[in-house]
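Worksheet for the structure shown next.
A short reminder: the numbers here are calculations on the coordinates, not readings from a lab. Quantities reported herein were computed from a predicted structural model and do not represent experimental measurements. So basically every Cβ, Gly included, is an ideal-geometry build from the backbone, and we count neighbours across all protein chains shown.
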Amino acid sequence: MSNSTHRPDIFAGPDEEAMNSRLNWLRAGVLGANDGIVSIAAMLVGVAAATTDLKVIIITAVAGIVAGALSMGVGEFVSVSAQRDAEEALLDRERVWQRARPQWELEQLVRLNMDTGMSEATARAAAQEQMAKDPLDIHARMHLGIDPDELTNPWAAGVASIIAFTVGGLTPLLTTTLPPASLRIPLTFVLVIIALAITGYISAMVAKSPRIKAVLRNMAGGTVAMVITYGIGTLVGTAV
Ligand SMILES: [Zn+2]
């Protein structure tokens, strides 16, 4: 949640802040979808290389999507929870300090302001204004580097990853089950590479990094994964 009143930032107005937070979710979603596409596609290309039995392919896909989505969701939940616990513990400690030693905290803020290039007089005047407004908030930002309005919710992060992974994994599930047997593997390669180009493009857009490079890297990574499991699936399929 962002509170526009205490952030007169000339570069990021309230609208842009809300968008940044949406972009964070977009990035998490794209990563989850990417993971679902690559891992399930690689797995299914391997299985489809060994068998044309639809029942086997579907069971493998469903098991893989459920296992991957849950493991990704739990992992995301655990890591965001740990981060959030640490941030909340820091905020609690800061809250205690504000009560126990307000003068010391003021001096700390004066130092932090001076580090940004202010003279001591300006830094002190600024610190007094900052402390009068919202001491915990300004200390969280200046001293802990935490935005208390932007703590991530572990449940939302976990559920978003589960949904994103499942949606990603559905692409190769459809391409390895719907077409006739001879088209399954080539069609999966083509559609997965297109899907990876899209997720690579979106993630580069979100990160404001070079798009062509991200798209090519993402397509190459997924292709390598599929080629390797296709090779292994062929070997195992002929050996068994
Ligand atoms: Zn402090």
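Here is how the numbers come out for the structure above:
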{"item": "Rounded, prolate or oblate (a/c below 1.5 giving rounded, otherwise prolate when a/b exceeds b/c) for the chain by Cα gyration tensor", "result": "prolate"}
{"item": "Val56-Ala197 FRET efficiency (beta carbon distance; Förster radius 30 Å; 0.05 resolution)", "result": "0.55"}
{"item": "Under the Karplus curve 6.51 cos²θ - 1.76 cosθ + 1.60, θ = phi - 60°, whole-Hz ³J(HN,Hα) for the stretch 63-69, x wherever Gly or Pro sits", "result": "4, x, 5, 4, 4, x, 5"}
{"item": "Distance in nm between pseudo-label sites at Arg101 and Met118 (7 Å out along the Cβ direction from Cα)", "result": "2.1"}
